Structure formats: C-alpha cells, structure tokens
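Everything below concerns the one structure shown next.
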Amino acid sequence: MRLRRWTDADLPVLQGANAPEMTVHLAGPETPARVRRRHEQYIRGWDTTQPRMFTIRATADDAPVGSVGWWESEWDGAPCLEAGWAVLPAFQGRGAATSALRLLLESAYAEGRRGVLMACPHTANAASNAVCRKAGLTHRGAFDDDYRGVPMTLNAWAIDLGELHRGAGAP
C-alpha cells in the first residue's frame, strides 16, 4: 500500500467516487462540473499546501483504488487538519482505507504538521467510523452539521499528530 500525490491523471478516481452508492453519507453525487472543480483544487493543493490529496495505490498494476487527504479546518474553536477518504467499491472491505489513513497520518507528521487531525464521518457510516477507530483516532462524540446544505449527524474522531511518535509509536 502506498500513497501518490494527486495528479491530473486522477480525475477518474473522483468520478468513480461520485456514484450514488459512494455518496449516500455525503449528500449525494455532485455535478460533473463540481467534480472537475474539486479535481483542479486537489491539483492546486500541492502548490498551496492544501488540500493535500493523494491516490491510494494497492494493486499489482499500481492502479488507484481510492483517495485520501487532509485540509485545514477548525474544531471546537481551534485550528486542526481534517481528513477524508474514498475507496472505490471494487476495493472496499480489504483494509485499504485504514492503511491509507495511517499513511496519511505519517505523511502529515513527516511534513511537520502537528496538532489535531480530525475525521468526521456520518454516524450511519459504519465502515468509515471503523476506519477511524482502527487507524488510532479517538471518538470525541457526535454533532449536527450540514454538508452542501444537507443536515446530518457526524461523529468526531481525532488524533494528536504530535503524539504519533511518542510512547507506543504510530497507530
């Protein structure tokens, strides 16, 4: 398993992740124009330091199986990083998201990022909540918010990036 920085060739990953079954906990699919804007934002993120998006590579032919990344956000009145991921349906259930999130944590730490990294999956998204737990994040409770105008209840998961290499080491 490895992460590769997002490039122009990765638009099909976003398009594949924009399917109704992939966006059921994210307010549904986006328009093709919005997917293209997101793709361009992911490319520019490497010049502006955010968002920092990667493709997840786990196959013998090195084809992408999904995406993972972080962006600057705010939690409980303080700055933090927020993480998100998507694993294409054909590759789900094999640990790719958990491995990718662990690699993302290491990458953010290696880049000198410290402080809290959050992930906020929908409370009904059992798979993403399990990814957070398995990757070493701590559940901080649930809260109500909206995403693209759709109200939802989200779980807050967090990890202190500065703690990654103290004590027992990386998750």
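Of all residues being within 23 Å of Ala78 (Cα to Cα) and open to solvent by 40 Å² or more (accessible area, probe 1.4 Å) in segment 123-141, which is nearest to the chain's Cα centre (by Cα)? Just the residue, please. Show your work before the answer.
Step one: filter segment 123-141 for residues within 23 Å of Ala78 (Cα to Cα), giving 123, 129, 132-133, 135-141.
If we keep only those that are open to solvent by 40 Å² or more (accessible area, probe 1.4 Å) too, we end up with 123, 133, 138-140.
Details: Thr123: 16, Arg133: 14, Thr138: 16, His139: 16, Arg140: 18 Å.
Residue satisfying both the conditions and the ranking: Arg133.
Consider Leu137 against the criteria (1) farther than 17 Å from Ala83 by Cβ; (2) at pLDDT 95 or above: it satisfies all of them except one. Which criterion is unmet?
Failed condition: (1).
If I filter segment 9-63 down to residues being assigned to a loop (DSSP other than H, G, I, E, B), over 18 Å from His122 (Cα atoms) and of a type in the set (Asp, Glu), which single residue comes out as most open to solvent (accessible area, probe 1.4 Å)? I'd like the intermediate steps shown before the answer.
Here is the first cut: in segment 9-63, the residues assigned to a loop (DSSP other than H, G, I, E, B) are 18-19, 23-31, 49-51, 58-63.
Add one more test, that the residue is over 18 Å from His122 (Cα atoms), and what stays is 31, 49-51, 58-63.
Restricting the remaining residues to those that are of a type in the set (Asp, Glu) gives 61-62.
Details: Asp61: 119, Asp62: 54 Å².
Residue satisfying both the conditions and the ranking: Asp61.
Can you say whether Leu3 is open to solvent by 60 Å² or more (accessible area, probe 1.4 Å), closer than 20 Å to Leu101 by Cα, under 14 Å from the mean Cα position of the chain (by Cα) and in contact (Cβ under 8 Å) with a residue 40 or more places away in the chain, as far as the supplied structure shows?
Judged against the criteria, Leu3 is not a match.
Would you confirm, using the coordinates I've provided, whether Glu74 is under 21 Å from Tyr42 (Cα atoms), more than 14 Å from the chain's Cα centre (by Cα) and not basic (Lys, Arg)?
Considered against the rule, which asks whether it is under 21 Å from Tyr42 (Cα atoms), more than 14 Å from the chain's Cα centre (by Cα) and not basic (Lys, Arg), Glu74 comes out as yes.
Spot the failing condition for Asp144; the list is (1) touching a residue at least 24 places away in the same chain (Cβ under 8 Å); (2) touching a strand residue (DSSP E or B) at 6+ places or on another chain (Cβ under 6 Å); (3) within 24 Å of Pro20 (Cβ to Cβ); (4) open to solvent by 50 Å² or more (accessible area, probe 1.4 Å), and only one is missed.
So Asp144 meets the others, but not (1).
Among the residues of segment 64-76, are any out of contact with any strand residue (DSSP E or B) (no Cβ under 9 Å at 6 or more places or on another chain), surrounded by 18 or more Cβ atoms within 10 Å (Cβ to Cβ), of a type in the set (Ser, Thr, Tyr) and at pLDDT 95 or above?
no
The values are calculated or read from the model by the stated rules, or taken from the named source; none is laboratory data. Only a predicted model underlies this, so the values are computations on that prediction, with no experimental measurement involved. Note that we place each Cβ from the backbone using ideal geometry, even for glycine, and neighbour counts take in every protein chain shown. Heavy atoms of the whole protein, side chains included, go into the accessibility calculation; ligands, DNA and RNA do not. Shrake-Rupley method; radii C 1.70, N 1.55, O 1.52, S 1.80 Å.
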